[in-house]
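Read through the structure below, which is laid out as structure tokens, and then see the notes.
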Amino acid sequence: MTVNVKAPAKTHWRAHVVLLVAVVVMIYPLVWLVGASFKPENQIFSTLDPIPWHFTIENYLSGWTATGTSFTVYLANSATIAACVVIGNIASCSLTAYAFARLDFAFRKIWFGLMLGTLMLPFQATMIPQYTIFYKLNWINTFLPLVVPQLLACDAFFIFLMVQFIRGIPRELDEAAAIDGAGHVRIFFSLILPLLRPALLTTGVLTFIWTFNDFLRQLVYLSDKSRYTVPLGLNSFIDRASGSSYGGMLAMSVVTLVPTVAVFLICQKRLVDGVANTGIKG
């Protein structure tokens, strides 16, 4: 009996080549963006070479105030909104998930199904009713429409993740704590919440990235430039440039990428573990 060991080796080599080509294709636009941000204005589109042979930081210096408002204002506004939304999502979604996973109340399965059904509703479908409500509350052009809903557990995706995680925690732990006289509040804060840390980290990281990069919601509710966030700042920069100046826009795009990329790289391992632990439990 003969065993052919060359075929798997060839297959392994070909797979690496395909993956390497795919990585280059996906990474090249990002590399080009970073390189182009350090090129002189007249050399940005003159070649596909991402290397800035005539290195300059003029695009960053001019782009920081090119829209008439310092980019620091946009970064501060985005960071403020993202921090509030992260705190709101973690607090409200964890409490809601505990209720669905551990408490027995009327029509629990129906409410849970309706909650999951909201995942199929895009923001565009509820945008006008929500805008009407916030307009009546005189919240337009403030951060409140972007932050307050997250305090009410409106993100079904993260609730579902936490419910799946909590269901994987043995109920015997709850029963033992109940025998010792602990109520639901103490069980949640002293027992469930510490064990829920991977799911909380996943929620926090994804919420930060999605909120920091959100454009449509912020475009709908914010109109004052002093309240603009990073995505709106980039958009107004394009309007200001009128399509004739791209150096500053590319430089500020690189600046915009830094916070989200940094958060993802720092939390990458725990984020992957959290998604794996919350997403596969039945």
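Quick note: the coordinates plus some simple rules give every number you see, no bench work behind them. Values in this document were obtained by computation on a predicted structure and should not be read as measured data. Neighbour counts are summed over all protein chains in view; Cβ atoms, including those assigned to glycine, are modelled from backbone coordinates with ideal geometry.
Rounded to whole Hz and in sequence order, give me ³J(HN,Hα) for segment 79-89 from the Karplus expression 6.51 cos²θ - 1.76 cosθ + 1.60, θ = phi - 60°, writing x for Gly and Pro.
Each residue of segment 79-89 in turn: 5, 5, 5, 5, 5, 5, 5, 4, 4, x, 5 Hz.
Averaging sequence separations of C-alpha pairs under 8 Å and six or more residues apart, then dividing by the length of segment 99-249, give the relative contact order as a whole percent.
It rounds to 27 percent for segment 99-249.
Explain nothing, just the number: dipole magnitude of the chain about its Cα centre with +1 on each Lys and Arg Cβ and -1 on each Asp and Glu Cβ, in debye rounded to the nearest 20.
540
Is the shape of segment 63-193 rounded, prolate or oblate, going by the alpha carbon gyration tensor and its root eigenvalues a ≥ b ≥ c, with a/c under 1.5 for rounded and a/b larger than b/c for prolate?
prolate
Evaluate the relative contact order of the chain (contact order divided by residue number), counting alpha-carbon pairs under 8 angstrom at least 6 apart; express in whole percent.
31
Once the Cα atoms of helix 230-241 and of the chain are each reduced to a long axis, what angle between those two axes, in degrees from 0 to 90 to the nearest 10, is obtained?
Helix 230-241 sits roughly 20 degrees off the main axis of the chain.
What is the helix-to-structure angle for 6-36, meaning the angle in degrees between its Cα long axis and the longest Cα principal axis of the chain, kept from 0 to 90 and rounded to the nearest 10?
70
Starting with the fewest neighbours, write out 184, 16 ranked by other beta-carbon atoms found within 10 Å of each beta-carbon.
Ordered by Cβ neighbours within 10 Å, fewest first: 16, 184.
Would you work out which of 159, 84, 253 lies farthest towards the positive end of the dipole of segment 71-279? Charges go on Cβ: Lys and Arg +1, Asp and Glu -1.
253
Would you mind checking the tilt of helix 247-266 against the longest principal axis of the Cα atoms of the chain, expressed as 0 to 90 degrees and rounded to 10?
With rounding to tens, the tilt is 30 degrees.
Which loop chymotrypsin sites (Phe, Trp or Tyr not before Pro) in segment 92-162, with loop taken from DSSP, have no more than 14 other Cβ atoms within 10 angstrom of their Cβ?
105, 107
From the phi of every residue in segment 167-172, what ³J(HN,Hα) in whole Hz does the Karplus formula 6.51 cos²θ - 1.76 cosθ + 1.60 yield, where θ is phi - 60° and glycine or proline is x?
Whole-Hz 3J(HN,Hα) from phi for segment 167-172: 4, x, 7, x, 5, 4.
Checking the a/c ratio against 1.5 first, then a/b against b/c, what shape does the Cα gyration tensor give for the chain?
oblate
Along the principal axes of its C-alpha atoms, what lengths does segment 128-277 span, in descending order and rounded to whole Å?
69, 41, 20
What is the distance in Å between the Cα centres of segment 180-243 and segment 81-134?
Taking the Cα centre of each part, segment 180-243 and segment 81-134 sit 14 Å apart.
Could you list 103, 216 so that the one with the fewest beta carbons within 10 Å of its beta carbon is first and the one with the most is last?
Fewest-to-most Cβ neighbours within 10 Å comes out as 103, 216.
What ratio of Cα Rg to 2.2 N^0.38 Å holds for segment 6-62?
With N residues counted in segment 6-62, Rg over 2.2 N^0.38 Å equals 1.68.
For every helix of n ≥ 4 consecutive DSSP H residues, a contribution of -39,500 (n - 2.57) applies; sum these over the chain, divide by its total residues, and give [θ] at 222 nm rounded to the nearest 500 deg cm²/dmol.
It comes out at -21500 deg cm²/dmol, rounded to the nearest 500.
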